[in-house]
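Heads up: the structure comes next, in structure tokens.
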Amino acid sequence: MKKENQVIICRCEDVTLEQIREKINEGYTNFEDLKRLLRVGMGPCQGNTCGHLIQRELANFLKIPVEQVKTHKSRPLTMGVPLKAIAEETNE
Amino acid sequence: MNKYDLVIIGAGISGASIAYNLAKKGMKNILVLDKGYFASGATGRCGAGVRQQWATEMNCILAKQSMEFFAHAKETLNYPDDIEFKQEGYLILATTQEEHEQFKKNVKLQNSLGIPSKTCSKEEALKIVPHLNPDSFISATFCQTDGHLNPFKMTEAYYLAAKHLGVEFHFFEEVKSIKVVNQIIESVTTNKDTYLTDKVVNAAGGYSKEIGDLVGIDIPVYAENHEILVTEPIEKMQGPMVMSFSKNIYCQQVPHGAFIMGRSNPFAEHNHDIGSTWQFLDEMSKTLVHIMPKVGELRVIRQWGGSYNMSPDRQPIISDTKDLKGFYMACGFSGHGFMFAPMTGLLLSELILNEKPSIDMSSLHINRFKENKATAYEKSVV
């Protein structure tokens with residue numbers, strides 16, 4: 001195994017470059033597929049760290065400019081908030 | 001033009017299961033079309049729960065036999081990854097006297113069908129989930145063999161098994177029209193191509209009604225947004241799914257460690273909206289903190305929505321139709337298509353191949369609505 005493949009791409013869910021390349025090679029060639037099968041983008045940072053790294057991997061694989069690789073769907077919340085703080089309408 | 005023996009519309013868990021069951025029985029030339037990416041519809045948005053505690057006989061039977069499949073699915077489908085199936089139960093809370101009485105009847109029905117559910121006193125329920133607020137319910141029912149299953153992995157397991165048997169899948173390809181000549185299906189046209197076929201399965205989830213409309217079959221279903229959220233992952237603290245119909249909540253800790261929870265919006269419009277609202281977040285937080293205050297300390301990290309495809313009696317439509325030969329339906333699952341998928345695939349394969357059905361399917365037929373037959377209405381839905 002190449003050393004670079006052990007690089008952590010998604011640090012929220014500990015997903016390596018090797019895992020990402022493996023899934024891309026299996027035919028999952030968009031961020032949403034990879035998210036569902038590897039959990040990239042599902043952690044506390046919501047894809048802010050791995051998003052553009054994976055976009056670049058997909059661009060290399062598909063041989064298209066990185067701007068043409070669709071970014072992942074961003075969902076609320078923009079940061080983690082305790083359920084209790086919302087229920088009680090208090091500030092943390 | 002390419003010719004197929006069957007075109008399935010929708011590559012969610014239902015479409016994938018139908019394709020797998022047919023291919024396993026030897027059917028060739030099956031094409032599955034999906035307008036989005038892998039598990040982009042209701043399957044990939046669901047709450048990942050699988051349960052057998054239902055109030056209608058048909059839903060109990062579908063759920064129980066599906067659960068038996070899930071228990072061996074990894075081996076049966078020869079899936080290399082983990083489907084994250086765990087049977088740590090569903091604890092369903094009764095919060096009113098009416099529910100308490102209804103649940104006794106439900107358990108009796110479930111037991112008569114071989115489902116090992118039981119009624120629990122408040123004290124017994126607190127032993128199963130100690131962090132429940134004792135003032136938030138009066139009694140409960142529990143079924144140990146209910147539980148959790150990863151929707152993405154389970155769908156991939158069906159998808160890979162079907163592909164291995166020769167089924168073709170096209171993603172990002174949307175069905176635009178279906179040509180019918182003299183009451184026989186001739187072809188299916190998408191945004192990319194036209195395929196000759198005389199058999200079509202409508203497994204389009206939230207879009208089932210629109211697919212029916214393409215061939216003039218009026219399917220009495222509609223799509224409705226159901227929202228859901230997920231917290232940060234923590235060490236395991238809750239085995240079973242906790243659910244209440246009257247308080248409008250389901251909440252479980254998945255094997256990954258996160259808590260997933262959802263509730264329905266009684267005022268949801270009948271459309272394809274799958275957005276997220278602050279009203280949901282607000283009501284969900286309040287309900288959760290009331291029932292399980294300790295879980296309220298966790299941070300929400302994401303919320304999303306997905307379509308329930310609602311049928312009039314909240315039981316599925318697994319059916320052919322005398323109005324159009326070769327047109328089959330697997331829709332109207334009312335939020336429970338994921339957990340019934342093994343039976344959906346099995347029953348539709350029997351229908352399509354003219355085999356003797358494993359169970360009496362008459363109460364799943366679309367005719368039940370036309371003939372205005374009295375069907376049991378499923379109350380146990382969030």
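FYI, it's all coordinate maths here, none of it is from the lab. As the structure is a prediction and not an experimental result, all values here were calculated from the model. Virtual Cβ from ideal backbone geometry, glycine too; neighbours counted across all protein chains shown.
A few points about this structure:
- Scanning the stretch B:1-15 for residues being part of a strand (DSSP E or B) and closer than 16 Å to residue B:329 by Cα gives a total of 4.
- Some residue of the stretch B:275-286 being touching a Ser or Thr at 6+ places or on another chain (Cβ under 9 Å) and within 11 Å of chain A (Cβ to nearest Cβ): no
- Taken together, the residues in the stretch A:11-22 that are under 20 Å from residue B:150 (Cβ atoms), more than 11 Å from the chain's Cα centre (by Cα) and surrounded by fewer than 17 Cβ atoms within 10 Å (Cβ to Cβ) amount to 1.
- In the stretch B:266-294, the residues that are more than 19 Å from residue B:41 (Cβ to Cβ) and in contact with a His (Cβ under 8 Å, 6 or more places away or on another chain): B:292, B:293, B:294
- Qualifying residue in the stretch B:24-32 (condition: touching a Gly at 6+ places or on another chain (Cβ under 6 Å) and more than 30 Å from residue B:296 (Cβ to Cβ)): yes
- Out of B:55, B:71, B:42, B:63, sole residue that is out of contact with any Leu (no Cβ under 9 Å at 6 or more places or on another chain), more than 17 Å from residue B:155 (Cβ to Cβ) and crowded, with 16+ Cβ neighbours inside 10 Å: B:63
- Any hit, the stretch B:80-101, residues being away from chain A (no Cβ under 14 Å), farther than 24 Å from residue B:138 by Cβ, outside any loop (DSSP other than H, G, I, E, B) and hydrophobic (A, V, I, L, M, F, W, C): no
- Selection within the stretch B:165-192 - surrounded by fewer than 17 Cβ atoms within 10 Å (Cβ to Cβ), without any contact (Cβ under 8 Å) to a residue 60 or more places away in the chain and either in contact with a strand residue (DSSP E or B) (Cβ under 9 Å, 6 or more places away or on another chain) or not in a loop (DSSP other than H, G, I, E, B) (or both): B:176, B:177, B:179, B:181, B:186, B:189, B:191, B:192
- Residue tally, condition touching a strand residue (DSSP E or B) at 6+ places or on another chain (Cβ under 7 Å), within 14 Å of chain A (Cβ to nearest Cβ) and touching a residue at least 40 places away in the same chain (Cβ under 8 Å), over the stretch B:293-329: 10
- Hey, residue A:8 more than 13 Å from every other protein chain (Cβ to nearest Cβ) and either touching a His at 6+ places or on another chain (Cβ under 6 Å) or crowded, with 20+ Cβ neighbours inside 10 Å (or both) or not: no
- Elements of type strands (runs of 3 or more DSSP E) contained in the stretch B:203-264, each with 2 or more residues being on the phi < 0 side of the Ramachandran plot, surrounded by 20 or more Cβ atoms within 10 Å (Cβ to Cβ) and away from every other protein chain (no Cβ under 14 Å): B:222-231, B:241-244, B:249-253
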